[in-house]
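Take a look at the structure below.
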Amino acid sequence: MLQWIKEDMNALLKLCLLHENDLALREMLYDIVLIITQSDLLNVNIGYNSPEQLMFNYKTIMSFILHPQLPCPVTKSEPIVKSLFDLKRHTGQHVYWDILQKTIQYICNADEPSGNNSSDFCAIRTQIYTHLGNYLTAQIQDDMAGVLKHQPTVMSFLLYPLEYDQLLLVESVKELWLQIYEAIAKQEPKTCEFVNAFCEMIKAMTIAKHGYSTAVVANSLCFIIRSLSLRLPLWKVQHYSKKIKIRHQKKRMNHQLNKTTESSRPQNLRLNPPQP
């Protein structure tokens, strides 16, 4: 049934693109999308429905509000996002963590090839991240044991603004990020297992990816170090700080070396010399 609805909605979307000045038609498109998200059609029963059903639902609805030729106004996208990413609407055993993990997987991968990083799209992704963060904050208060049991999912959520800083408004989620991180990290004042594992995840990301913001990563690591200073000996804090400084210096040197290499190449270098 969802496939039929998707086909009908795609037809309506094409009409909106053909009549781009018809605001009433566009209004109808977003109203129908909201009605669909508020219905039971998108509810998922973990263990009964296909594991890919949730991803299909997300991709189907988000294709209408993240369309590159028809950006959805924030006033219209906000109620759609709240309804679509309402994690409590789904059922099944351990439903919250399964749904949260798949949702994080969606926001990490779904829109990578699109290249749509305008302010409109960033605002919508920020809405999604904030909505999920509010759920996670409530979960931390109600079920800290479950949070610690599903640390990889939580760390993936915390890593998202560092790895995909160009896809959302980082400053808008900064306070929420700090609140979630601090609430979890303070649960292990001596072992720091969560902190160590999360720092290793950040390290792996910086090695594997080149498009991240050094400033965003550095700010996050500085906050982690400041929180450690209350629980660790001074020499350990200095050790962490030194490692971060060395990594940052290496990246800056490599960047300068690449720029120097590029500028030293002859502009009119001929790869194939003319034939006599």
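The values are calculated or read from the model by the stated rules, or taken from the named source; none is laboratory data. Just so it is clear, the model here is predicted, and its values are computed rather than measured. Don't worry about glycine lacking a Cβ; one is built from the backbone with ideal geometry, like all the others, and counts go over all protein chains shown.
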Is it the case that region 74-83 has a residue that's loosely packed, with under 14 Cβ neighbours inside 10 Å, closer than 24 Å to L13 by Cα, modelled with pLDDT of 85 or more and not assigned by the TED database to the domain that holds Q166?
-> yes
In region 203-225, is there at least one residue being closer than 19 Å to L158 by Cβ, basic (K, R), in a helix (DSSP H, G or I) and modelled with pLDDT of 85 or more?
-> yes
Give the residue that is farthest from K14 (Cα to Cα), with candidates limited to residues of region 35-69 that are outside any helix (DSSP H, G or I) and within 21 Å of the chain's Cα centre (by Cα).
-> P51
What about L176, is it under 20 Å from N134 (Cβ atoms), touching a Gly at 6+ places or on another chain (Cβ under 6 Å), modelled with pLDDT of 65 or more and surrounded by 11 or more Cβ atoms within 10 Å (Cβ to Cβ)?
-> yes
